[in-house]
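Worksheet: one structure, shown below.
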Amino acid sequence: MQRPSILNGLKNNFLLCIGLTICLLAGGACNRSQNNSPGRAQYDLGQRYYEGRGIPKDYPQAMHWFQRAAAAGNPDAQHRIALMHQQGLGVTQNLAQAVQWFRKAASQGHSDSQVALGLCYFEGEGVEADDAEALKWFQKAAAEENASGEFYVGLCHYRGAGVKRDVEQAVSWFTKSAEHGDPNAQSNLGVIYTKEPGQTNLTNAIAWFRKAGEQGQKEAEYRLGGFFQKGEGVPKDLVEAFKWFSLAVSHEHLFAKRALAEVRDQMTADQVVAGEKALAKAVEDQKAAEE
């Protein structure tokens, strides 16, 4: 029988010390802050295990600490537990459990959980589909100016899900969400201003598509490529079309690859070089926007 390596033993002890130190530091920070956030120290430690920050990533350990924080009533921990059940991280995937934990956090006013719970009802995941119940939770999140909540309230009005279809209300909610930076709301405004009867305004459409495209929203990127290719609402510019279609391809837009090939066939060699330079800069700009 081989004797355990001294090096491995030291490594294990070292990792244990890191874990204990983090736990003690987290507890101390929580006690000092008195920020009325129950279970915050346990949640923070769970996050370290979840992300692998300073210690090896360990989903079961993360779940252990999130559960301790959740038992103390921490809504962030309850939300994280729900996500882990939903995604099957550290536990067997269980959508019904995810719904239960989203509900716990949502009932405490956690706006991201309110959106997530609304989506469970909207899509019928872990619970029977119910558009009216979905809208109720989206509205709660929107009342807290949660951009995703505002977006989904707008989407419900646009589709007539859980409420009578009302394009003006949809535009109002999409605009609130878009102004809070939600790229899907920005893109949806672009779609409405492009084709919706009584709402058509290409200048507004392109402005919102550009804001969404700068954040990497693939539908907006694809639409912008089309505008620049055809010269609709903007001067015709194949270099810009190449850039936007290329970005949409990188984000796996279903129709962007064919559109990019068509544009490339229309371009000179110098235009392709210019397009590749513009694309490289756009990729860097999108990365910077994410940070």
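Residues checked against (1) closer than 25 Å to Asp76 by Cβ; (2) in contact with a Ser or Thr (Cβ under 7 Å, 6 or more places away or on another chain); (3) without any contact (Cβ under 8 Å) to a residue 40 or more places away in the chain:
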position	(1), (2), (3)
Ala106	yes, yes, yes
Ser113	yes, no, yes
Cys120	yes, no, yes
Glu123	yes, no, yes
Trp137	yes, no, yes
Asn146	yes, yes, yes
Val163	no, no, yes
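Can you confirm whether the stretch 139-159 contains a residue that is of a type in the set (Val, Ile, Thr) and in a helix (DSSP H, G or I)? Within the stretch 139-159 (the criterion being of a type in the set (Val, Ile, Thr) and in a helix (DSSP H, G or I)), the answer is yes, since at least one residue qualifies. Among the residues of the stretch 265-273, is any crowded, with 20+ Cβ neighbours inside 10 Å and of a type outside the set (Ser, Thr, Tyr)? No, the conditions are met nowhere in the stretch 265-273. Among the residues of the stretch 231-254, those that are under 19 Å from the mean Cα position of the chain (by Cα) and either closer than 13 Å to Ile206 by Cα or not in a loop (DSSP other than H, G, I, E, B) (or both) comprise Leu247, Ala248, Ser250.
A search for C-beta distances below 7 Å between a residue of the stretch 206-220 that is more than 14 Å from Phe174 (Cβ to Cβ) and any residue that is modelled with pLDDT of 95 or more and basic (Lys, Arg), counting only pairs 6+ apart in sequence or on different chains, returns nothing. Among the residues of the stretch 184-202, what is the count of those that are within 25 Å of Gly231 (Cβ to Cβ), in contact with a helix residue (DSSP H, G or I) (Cβ under 8 Å, 6 or more places away or on another chain) and assigned to a helix (DSSP H, G or I)? Within the stretch 184-202, residues that are within 25 Å of Gly231 (Cβ to Cβ), in contact with a helix residue (DSSP H, G or I) (Cβ under 8 Å, 6 or more places away or on another chain) and assigned to a helix (DSSP H, G or I) number 10.
Residue-level check: of (1) surrounded by 20 or more Cβ atoms within 10 Å (Cβ to Cβ); (2) over 23 Å from Glu232 (Cβ atoms); (3) within 18 Å of the chain's Cα centre (by Cα), Gln186 misses just (2). When the stretch 143-175 is limited to residues that are under 17 Å from the mean Cα position of the chain (by Cα) and charged (D, E, K, R), the one that is farthest from Leu117 (Cα to Cα) turns out to be Glu145.
For the stretch 39-55, a residue qualifies if it is on the phi < 0 side of the Ramachandran plot and crowded, with 18+ Cβ neighbours inside 10 Å, and the qualifying residues are Arg40, Ala41, Gln42, Tyr43, Asp44, Leu45, Gly46, Gln47, Arg48, Tyr49, Tyr50. Might you check whether a residue that is surrounded by fewer than 15 Cβ atoms within 10 Å (Cβ to Cβ), modelled with pLDDT under 95 and not in a helix (DSSP H, G or I) occurs anywhere in the stretch 275-291? Yes, there is a match, as at least one residue in the stretch 275-291 is surrounded by fewer than 15 Cβ atoms within 10 Å (Cβ to Cβ), modelled with pLDDT under 95 and not in a helix (DSSP H, G or I). Would it be correct to say that Ala132 is buried (at least 19 other Cβ atoms within 10 Å of the Cβ) and assigned to a helix (DSSP H, G or I)? Spelling it out, it is not the case that Ala132 is buried (at least 19 other Cβ atoms within 10 Å of the Cβ) and assigned to a helix (DSSP H, G or I). Answer yes or no: is there a residue in the stretch 74-90 that is among the basic types (Lys, Arg) and surrounded by fewer than 19 Cβ atoms within 10 Å (Cβ to Cβ). No, there is no match, as no residue in the stretch 74-90 is among the basic types (Lys, Arg) and surrounded by fewer than 19 Cβ atoms within 10 Å (Cβ to Cβ).
So that you can scan it fast, the table gives a plain yes or no per residue for (1) touching a Gly at 6+ places or on another chain (Cβ under 6 Å); (2) of a type in the set (Ser, Thr, Tyr); (3) over 30 Å from His64 (Cβ atoms):
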site: Asp76; (1), (2), (3): no, no, no
site: Gly88; (1), (2), (3): no, no, no
site: Gln93; (1), (2), (3): no, no, no
site: Ala98; (1), (2), (3): yes, no, no
site: Arg103; (1), (2), (3): no, no, no
site: Lys136; (1), (2), (3): no, no, yes
site: Phe151; (1), (2), (3): no, no, yes
site: Glu179; (1), (2), (3): no, no, yes
site: Asn184; (1), (2), (3): no, no, yes
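Pairs linking a residue in the stretch 241-260 that is in contact (Cβ under 8 Å) with a residue 12 or more places away in the chain to a residue that is buried (at least 24 other Cβ atoms within 10 Å of the Cβ) and of a type in the set (D, E, K, R), with Cβ atoms under 8 Å and 6 or more positions apart or on different chains, are Trp244/Glu221; Phe245/Glu221; Leu247/Glu221; Ala248/Glu221; His251/Glu221; His253/Glu221; Ala256/Glu221.
The values are calculated or read from the model by the stated rules, or taken from the named source; none is laboratory data. Not measured: the values here are computed from a predicted model. Here the Cβ is made from the backbone with ideal geometry for all residues, glycine too, and neighbour counts use every protein chain on show.
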